[in-house]
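The values are calculated or read from the model by the stated rules, or taken from the named source; none is laboratory data. Being a predicted model, the structure only gives us computed values, none of them experimental. Note: ideal-geometry Cβ built from the backbone for every residue, glycine included; neighbour counts use all protein chains shown. Areas reflect the complete protein model, heavy atoms only, side chains present, ligands, DNA and RNA absent. Shrake-Rupley method; radii C 1.70, N 1.55, O 1.52, S 1.80 Å.
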Amino acid sequence: MKTRIFEKFTVVFAWLAGLVLLAGVCLLLGYLFFKGHASLNLSLIFGDTPPLRALLLKQRVFEGLFPAVAGTFVLVVLSIAWAIPFGIATGIYLAEYAGPRVKRALDALFDVLSGMPSIVIGLFGFSFAVFLHKHYSDRIGPCLLISSIALSFLVLPYIIRTTQAALEGVPLNIRLTALALGATRLQNIFLVLIPRSVSGIMSGIILAIGRCAEDTAVIMLTGAVASAGLPRSLFSQYEALPFFIYYISSQYADSEELMQGYGASIVLLFLCALLFVTAYGIRKGLSHFVFYRP
């Protein structure tokens, strides 16, 4: 009798906790859209510049968010591009090759890295930029390249852990089938284990995309500025939506500028949603290709 009561209490508590969390998210999003929906228009993105000329890079945007949107998109793509090969390779090593002692040491190291505050990663990136500027070239300083490398360190634990967990979660009968048929260990990894784990690996990449898109502490120390325009190269400074939101919300001159901050927050949410949907589509496409290809 007591067991049944405890089970019912656990179910009710789980439902209540889920509803409270959902209500909190809806309240936050509702407040954001209530405050910022009035500022959502083309002038928020492109200012006084014709949208087509801005998209074709024929005219610079001065009063809109287009440079910040472009900078954020490029920053996320670069950061994920650096993090994916190293993260997946490290996850494969931990799951398939590392011995018990090495695995424990690396697990502890990546646990520390995953819990490290982003401001510490930002200070590391800033120090790295100063070191390169002093010892190698005066042209190198806080820039898009340094920001993307610093962010890739920030999201590496997500990709490593999800890759490791996805590979270790493959059932033993599937894991041993290719080996029993004469496949090498490397062939088993690339032809059996990774295709079976692609959904879990892509989940880690999706989490990493969201982490890259929203971080402010790293980019404000490694290259993001308020009015840099479109990034001209990897070694130039850039604009980004998280930094713009922080800057405008802390130094706004009137309510109109504050509304731009709310509008920029909504634009950042839409950009994150677009990146998530793209990554989810890639995951579904890869899963379909792996399991249903002729």
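Key figures
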quantity	calculated
The listed residue being modelled with pLDDT under 85 and not hydrophobic (A, V, I, L, M, F, W, C), out of G71, G36	G36
Subset of the range 161-193 (residues that are more than 21 Å from the chain's Cα centre (by Cα) and either in contact (Cβ under 8 Å) with a residue 40 or more places away in the chain or not in a helix (DSSP H, G or I) (or both))	L167, E168, G169, V170, P171, L181, G182, A183, T184, R185, I189, L193
Condition met for A213 (open to solvent by less than 60 Å² (accessible area, probe 1.4 Å), in a helix (DSSP H, G or I) and aliphatic (A, V, I, L, M))	yes
Qualifying residue in the range 59-81 (condition: surrounded by 21 or more Cβ atoms within 10 Å (Cβ to Cβ) and among the hydroxyl-bearing types (S, T, Y))	yes
The range 85-119, residues that are touching a helix residue (DSSP H, G or I) at 6+ places or on another chain (Cβ under 9 Å) and over 23 Å from I205 (Cβ atoms)	V102, I119
Candidate set from the range 165-202 (those that are open to solvent by 70 Å² or more (accessible area, probe 1.4 Å) and among the basic types (K, R)); member that is nearest to F270 (Cα to Cα)	R196
From the options L28, L42, L52, residue that is open to solvent by 100 Å² or more (accessible area, probe 1.4 Å) and touching a Lys or Arg at 6+ places or on another chain (Cβ under 9 Å)	L52
One residue from Y238, Y262, Y280, Y247 being of a type in the set (F, W, Y), without any contact (Cβ under 8 Å) to a residue 40 or more places away in the chain and either surrounded by fewer than 15 Cβ atoms within 10 Å (Cβ to Cβ) or in the same structural domain as L151 (by TED's automatic domain parsing) (or both)	Y247
Single match in L55, L94, L29, L19 (criterion: more than 21 Å from the chain's Cα centre (by Cα), under 29 Å from S255 (Cα atoms) and of a type outside the set (V, I, T))	L55
Test: residue in the range 73-87 that is among the hydroxyl-bearing types (S, T, Y) and in the same structural domain as I146 (by TED's automatic domain parsing)	yes
Conditions (1) more than 23 Å from A150 (Cβ to Cβ); (2) open to solvent by less than 70 Å² (accessible area, probe 1.4 Å): number failed by I205	(1)
Index of the failed condition, P231 passing every other in (1) modelled with pLDDT under 85; (2) within 18 Å of G36 (Cα to Cα); (3) buried (at least 19 other Cβ atoms within 10 Å of the Cβ)	(2)
One residue from F190, F153 being of a type outside the set (S, T, N, Q) and under 30 Å from I119 (Cα atoms)	F153
Residue, modelled with the lowest pLDDT, within the range 109-154, restricted to residues that are open to solvent by 30 Å² or more (accessible area, probe 1.4 Å), small (G, A, S) and part of a loop (DSSP other than H, G, I, E, B)	S137
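So that you can scan it fast, the table gives a plain yes or no per residue for (1) closer than 26 Å to I140 by Cβ; (2) in contact with a Phe, Trp or Tyr (Cβ under 9 Å, 6 or more places away or on another chain):
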{"residue": "G204", "(1), (2)": "no, yes"}
{"residue": "I209", "(1), (2)": "no, yes"}
{"residue": "S227", "(1), (2)": "yes, yes"}
{"residue": "L241", "(1), (2)": "yes, no"}
{"residue": "D254", "(1), (2)": "no, no"}
{"residue": "G261", "(1), (2)": "no, yes"}
{"residue": "R283", "(1), (2)": "no, no"}
